[in-house]
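Take a look at the structure below.
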Amino acid sequence: GKEHGVHVFMVQLRDENLEPLPGIEVGDIGTKAGENEVDIGYLRMKNVRVPRKHMMEKKSHVDPDGTYVKHSAGQSSGDDKTHYLTMMTARVMMVAGASVFLAKGATIAIRYNAVRKQGFKNTGADQSFKGEENQIIDYKMNQYILLKELSLAFAIRITSNWLSDKLMAIQQDPIAMGGDIPELHASAAGLKGYCCNATAIGLEELRKCCGGAGYLQASGIAPLEADYKWRATAEGDTTVMLLQTARYLMKAASAAASGNPLPGSLASALSPLKNPNFNPFDAKPRASTTWKDYCDLDYLMKLFEFRTLAQVKFLR
């Protein structure tokens, strides 16, 4: 027969006594590195017949004579792209979840660093071992790690809000908003790859900031790190996800160089590439002279646009 791709069917797995039906084998995959309270099983079917009418028939169906019928009436040719929304929804949710886990880890580590003391304030030779000690949060290296990961948690949360709003707009009207699906796909893939990987690394850095206590299950941060790390590979390995975004940027750069309309709003920064003699360093923002510059959103946007132009220009 002819292949028509992956389709969804309803299949009964157990009988009235909750025992697997003939030909059905189910089981647990075994102990994992973390999140063992969440069961993950496997399913194997052998010589199991699935009735034709058990197929989910919103998009297509199969006639009794075996004819495959695709439901195309009233749908645009671009509606097939909406099939990707389920996959993109999972990635958007994982970006939002990254901020939650990283914020929890930062909270635990910052609180511990605020109460843990180590290292005498007075290091003189005659100092008593009963002398006052420093709070470890006062050490610059600890401050750098703690505040960096806390800031990243906020940045991921704000970005995930934009991503969720974009997804919701497309879900509400996928036909009208279909042109934004490639941009959402590229954004969700890249952010999933970056945010989940950065959170997995960040949680380990925060755990190490808690010293030996951070290795205790009772600390809360050790099991948090173990529970989270699988998300760096779930729904797409980090490198594969980042390459999806890179592919989108390269296509957008080619469109810009050819003078064609750019897809979505994020790629608009590449419009100067339509000039073959364009030098990204001509668009380099002025050097910052005060910390207030980094509180100016327009200045930050110019920095990001310059970095994007420079990287894409020299990679092509």
Inset, instruction - For segment 125-170, enumerate the residues that are open to solvent by 60 Å² or more (accessible area, probe 1.4 Å) and either closer than 20 Å to TYR84 by Cβ or under 15 Å from the mean Cα position of the chain (by Cα) (or both). - result: PHE154, ARG157, ILE158, ASN161, TRP162, ASP165, MET168
Legend entry - Scope segment 55-89; condition surrounded by 14 or more Cβ atoms within 10 Å (Cβ to Cβ), modelled with pLDDT of 90 or more and of a type in the set (A, V, I, L, M, F, W, C); matching residues: MET55, VAL62
Legend entry - Subset of segment 276-293 [of a type in the set (A, V, I, L, M, F, W, C) and surrounded by 13 or more Cβ atoms within 10 Å (Cβ to Cβ)]: PHE278, ALA283
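Mind listing just one residue for me: the one in segment 294-309 that is open to solvent by less than 100 Å² (accessible area, probe 1.4 Å) and aromatic (Phe, Trp, Tyr) and, of those, farthest from the chain's Cα centre (by Cα)? Explain how you work it out, then say what you get.
Of segment 294-309, the ones open to solvent by less than 100 Å² (accessible area, probe 1.4 Å) are 295-296, 299-300, 303, 305-306, 308-309.
Now drop any that are not aromatic (Phe, Trp, Tyr), which leaves 299, 306.
Working: TYR299: 26, PHE306: 24 Å.
Filtering first and then ranking leaves TYR299.
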Legend entry - Test set (1) assigned to a helix (DSSP H, G or I); (2) within 28 Å of ARG91 (Cβ to Cβ); (3) at pLDDT below 90 - PRO223 fails condition number: (3)
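Of all residues being over 33 Å from the mean Cα position of the chain (by Cα) and in contact (Cβ under 8 Å) with a residue 12 or more places away in the chain in segment 1-12, which is most open to solvent (accessible area, probe 1.4 Å)? Just the residue, please.
To start, the set of residues in segment 1-12 that are over 33 Å from the mean Cα position of the chain (by Cα) comprises 1-2, 12.
The next check asks that each one be in contact (Cβ under 8 Å) with a residue 12 or more places away in the chain; those that pass are 1-2.
Numbers: GLY1: 131, LYS2: 163 Å².
Within segment 1-12, the match that is most open to solvent (accessible area, probe 1.4 Å) is LYS2.
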Inset, instruction - Answer yes or no: is there a residue in segment 33-43 that is under 31 Å from the mean Cα position of the chain (by Cα), more than 30 Å from LEU147 (Cβ to Cβ) and of a type in the set (D, E, K, R). - result: yes
Inset, instruction - For residues that are surrounded by fewer than 17 Cβ atoms within 10 Å (Cβ to Cβ), β-branched (Val, Ile, Thr) and more than 17 Å from the chain's Cα centre (by Cα), scanning just segment 90-120, find the one that is farthest from ASP227 (Cα to Cα). - result: VAL115
Legend entry - Residue satisfying all of: in segment 138-190; among the aromatic types (Phe, Trp, Tyr) and closer than 22 Å to ARG231 by Cα; modelled with the highest pLDDT among these: PHE154
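For segment 226-263, enumerate the residues that are assigned to a loop (DSSP other than H, G, I, E, B) and hydroxyl-bearing (Ser, Thr, Tyr).
Restricting attention to segment 226-263, the residues satisfying the condition of being assigned to a loop (DSSP other than H, G, I, E, B) are 233-237, 258-263.
Selection gives THR233, SER258.
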Inset, instruction - Find the residue count for segment 171-219, including only residues that are more than 22 Å from the chain's Cα centre (by Cα), closer than 20 Å to GLN135 by Cα and in a helix (DSSP H, G or I). - result: 7
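The values are calculated or read from the model by the stated rules, or taken from the named source; none is laboratory data. Quick caveat: nothing in here was measured; it's all calculated off a predicted structure. Virtual Cβ from ideal backbone geometry, glycine too; neighbours counted across all protein chains shown. For accessibility, only protein heavy atoms count, side chains too; no ligands or nucleic acids. Shrake-Rupley method; radii C 1.70, N 1.55, O 1.52, S 1.80 Å.
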